[in-house]
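Everything on this sheet refers to the single structure shown next.
The values are calculated or read from the model by the stated rules, or taken from the named source; none is laboratory data. Only a predicted model underlies this, so the values are computations on that prediction, with no experimental measurement involved. As a convention, Cβ positions derive from the backbone with ideal geometry for all residues, glycine included, and neighbour counts pool all protein chains shown. Ligands, DNA and RNA are excluded from the accessible area calculation, which covers all protein heavy atoms including side chains. Shrake-Rupley method; radii C 1.70, N 1.55, O 1.52, S 1.80 Å.
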Amino acid sequence: GWKVSMKSGSLSYILPCNRLPVQLMSQVRVYTSNGQKKDLGSQDTNGSARGETLHKVETGQDTTNSGQKQSSPKQPIQVKVKPVLKKREYGPKYTQNNFITGVRAINEFCLKSSDLDQLRKIKRRSPHDDTETFTVYLRSDVEAKSLEVWGSPEALARERKRRKEAEIKYRENLFRNQRLLWEYKEFFGNTKPRSSTAAMFFKGPGKVVMVAICINGLNFFFKLLAWVYTGSASMFSEAIHSLADTCNQALLALGISQSARTPDPSHPYGFTNMRYIASLISGVGIFMMGAGLSWYHGIIGLLHPHPVESLLWAYCILAGSLVSEGATLLVAINEIRRSARAKGLSFYQYVVQSRDPSTNVVLLEDAAAVLSVAVAATCMGLTSLTGNPYYDSVGSLGVGTLLGTVSAFLIYTNTEALLGRSIEPEQLQRLTEFLESDPVVRAIHDVKATDMGMSKVRFKAEVDFDGRVVTRSYLEKQDIEQLLQEIQQVKTLEELEAFMLKHGENIVDTLGAEVDRLEKDLKQRNPDVRHVDLEIL
């Protein structure tokens with residue numbers, strides 16, 4: 001660079017100065033599409049003084065040599081244009097093109113179905129598997145129709161308020177309304193066919209539970225007679241055990257019948273967990289009624305022993321109970337083996353995972369019953385041989401301990417099932433690999449698969465879709481020649497915006513169709529998966 005001499009007082013300084021950058025920086029302007037310009041020249045509190053100095057430098061003036069002038073060609077002004085699409089205010093112009101379903105139009109705008117017949121109908125992609133398309137309406141048309149029907153927005157607001165108050169009043173008197181509806185159905189007949197609940201108790205877990213109820217009820221009756229006749233503490237424990245089994249299995253039958261109820265708005269995923277709830281209560285009942293009373297009677301027998309009468313009838317009843325309980329146990333074992341074979345699981349895995357809680361309860365109760373009969377018979381035999389009643393009381397404590405162990409296992413397994421445990425890692429890996437193998441999926445994250453009970457799985461994942469594959473899928477269904485003509489006709493920003501809005505909405509619909517396809521394929525390949533939630537990243 002060249003140097004400029006500047007004098008300050010009696011000293012002279014030789015300062016380097018780059019003339020060209022200073023000149024360019026002082027002349028650059030930036031213009032945007034909205035007409036605003038921005039000065040990129042440096043400004044500070046000493047702007048006026050710096051302006052004079054720059055002026056001197058540019059014109060070649062110097063305090064020591066004013067006669068010498070240096071000139072340079074004037075540089076052209078550089079203009080940087082930044083095209084920006086003006087930000088849109090999405091007001092009624094855009095929201096009037098929103099779609100609304102017929103049900104929402106009737107509820108939100110207080111219309112009747114006949115009012116919608118005169119409006120424009122638009123077919124859109126249906127999110128449901130049973131229908132390909134469904135009818136929607138433009139919100140602007142519905143709003144205009146509501147004003148035509150009610151006259152003014154104020155009248156529509158009053159009607160909405162009146163209906164809201166009526167809905168609140170209806171909810172407050174829900175029990176009375178349900179009672180009236182039940183009486184109406186009983187008087188006029190129910191036109192909706194009901195599913196036969198009784199048929200559930202002739203096969204599968206229902207059959208096992210009904211057989212157990214009948215056998216344990218008879219066992220309780222005969223054991224109670226034997227206890228009254230002999231006064232044996234072990235026989236009393238056996239009678240209480242049979243009573244507890246009968247009550248618990250009646251509770252299981254109630255759970256099976258309730259689990260068959262169809263889903264409703266309050267319970268969208270159905271009532272299948274009622275079996276686990278009934279089994280959990282059954283486990284608590286076994287612990288409190290069976291184990292508790294057996295321990296109590298055994299402790300009383302140890303503290304206050306009394307002689308035991310003839311045990312002949314007790315042995316006969318125990319033998320009959322052993323045969324009947326063993327028959328029920330075989331029925332439960334055969335049912336679990338058949339179900340485990342159908343699911344591809346071992347007998348032990350099926351029981352531990354509590355796949356069928358009702359059958360598990362019958363299996364464990366009958367297994368405990370067979371073992372307790374053996375314990376009671378052994379202790380009663382020792383008592384009859386030695387004449388010592390303490391053996392009989394120890395047998396009652398042994399039966400109580402056995403029942404307590406069974407109840408603890410039932411409480412644990414059913415609590416785990418109700419908490420929503422994950423499915424097996426191998427099954428989860430198969431579901432993940434199936435999604436990742438699809439071309440439209442780039443990656444999946446946050447995968448969760450929850451066992452909802454009774455072999456029903458809820459699958460959830462966040463999916464990163466490949467936008468290029470989705471776009472190609474959309475283009476394959478379009479006329480490329482016509483699409484190219486539309487592109488060539490685009491000349492302005494407004495035409496470009498209209499073009500992008502039209503095809504952007506169609507591409508989003510294509511993405512929704514891909515999500516529906518993945519969910520349908522996932523359910524078909526894995527029948528246990530009943531509910532699929534795929535979130536788009």
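Count of the stretch 455-469 residues, restricted to those that are modelled with pLDDT of 90 or more and either crowded, with 18+ Cβ neighbours inside 10 Å or in the same structural domain as Lys343 (by the TED database) (or both), is 4. Test Leu435 against the stated conditions and say whether it is in a helix (DSSP H, G or I), surrounded by 14 or more Cβ atoms within 10 Å (Cβ to Cβ) and outside the structural domain of Phe271 (by the TED database). Here the answer is yes, as Leu435 does meet what is asked. Within the stretch 284-336, the set of residues being open to solvent by 70 Å² or more (accessible area, probe 1.4 Å) and part of a loop (DSSP other than H, G, I, E, B) comprises His304, His306, Pro307, Glu309. Against the list (1) farther than 24 Å from Leu318 by Cβ; (2) buried (at least 23 other Cβ atoms within 10 Å of the Cβ), the condition Ser237 fails is (1). Any idea which residue in the stretch 512-537 is least open to solvent (accessible area, probe 1.4 Å), counting only those that are out of contact with any strand residue (DSSP E or B) (no Cβ under 9 Å at 6 or more places or on another chain) and touching a residue at least 40 places away in the same chain (Cβ under 8 Å)? Here the answer is Asp521. With a requirement of 2 or more residues that are surrounded by 11 or more Cβ atoms within 10 Å (Cβ to Cβ) and either out of contact with any Phe, Trp or Tyr (no Cβ under 9 Å at 6 or more places or on another chain) or modelled with pLDDT of 90 or more (or both), the strands (runs of 3 or more DSSP E) lying completely within the stretch 67-166 that satisfy it span 133-138. Among the residues of the stretch 488-495, are any open to solvent by less than 60 Å² (accessible area, probe 1.4 Å), more than 26 Å from Pro263 (Cα to Cα) and assigned to a helix (DSSP H, G or I)? No, the stretch 488-495 contains no residue that is open to solvent by less than 60 Å² (accessible area, probe 1.4 Å), more than 26 Å from Pro263 (Cα to Cα) and assigned to a helix (DSSP H, G or I). Restricting attention to the stretch 500-537, the residues that are under 19 Å from the mean Cα position of the chain (by Cα) and polar (S, T, N, Q) total 1.
Within the stretch 342-352, one or more residues are open to solvent by 40 Å² or more (accessible area, probe 1.4 Å), charged (D, E, K, R), under 21 Å from Met200 (Cα atoms) and touching a helix residue (DSSP H, G or I) at 6+ places or on another chain (Cβ under 8 Å).
Do we have Leu403 as in a helix (DSSP H, G or I) and crowded, with 21+ Cβ neighbours inside 10 Å here? It is true that Leu403 is in a helix (DSSP H, G or I) and crowded, with 21+ Cβ neighbours inside 10 Å.
β-branched (Val, Ile, Thr) and farther than 30 Å from Gly387 by Cβ: does that describe Val323? For Val323, the condition - β-branched (Val, Ile, Thr) and farther than 30 Å from Gly387 by Cβ - is not met. For the stretch 213-234, give me each residue that is surrounded by 24 or more Cβ atoms within 10 Å (Cβ to Cβ) and not in a helix (DSSP H, G or I). Once the filter is applied, which keeps residues that are surrounded by 24 or more Cβ atoms within 10 Å (Cβ to Cβ) and not in a helix (DSSP H, G or I), the stretch 213-234 yields only Ser232. The single condition from (1) in contact (Cβ under 8 Å) with a residue 60 or more places away in the chain; (2) part of a helix (DSSP H, G or I) that Cys247 fails is (1).
For the criterion of being open to solvent by 20 Å² or more (accessible area, probe 1.4 Å), over 20 Å from Leu364 (Cβ atoms), aliphatic (A, V, I, L, M) and modelled with pLDDT under 85, Met452 passes. Of the residues screened, Val362 is not one that is modelled with pLDDT under 85 and more than 21 Å from Lys203 (Cβ to Cβ).
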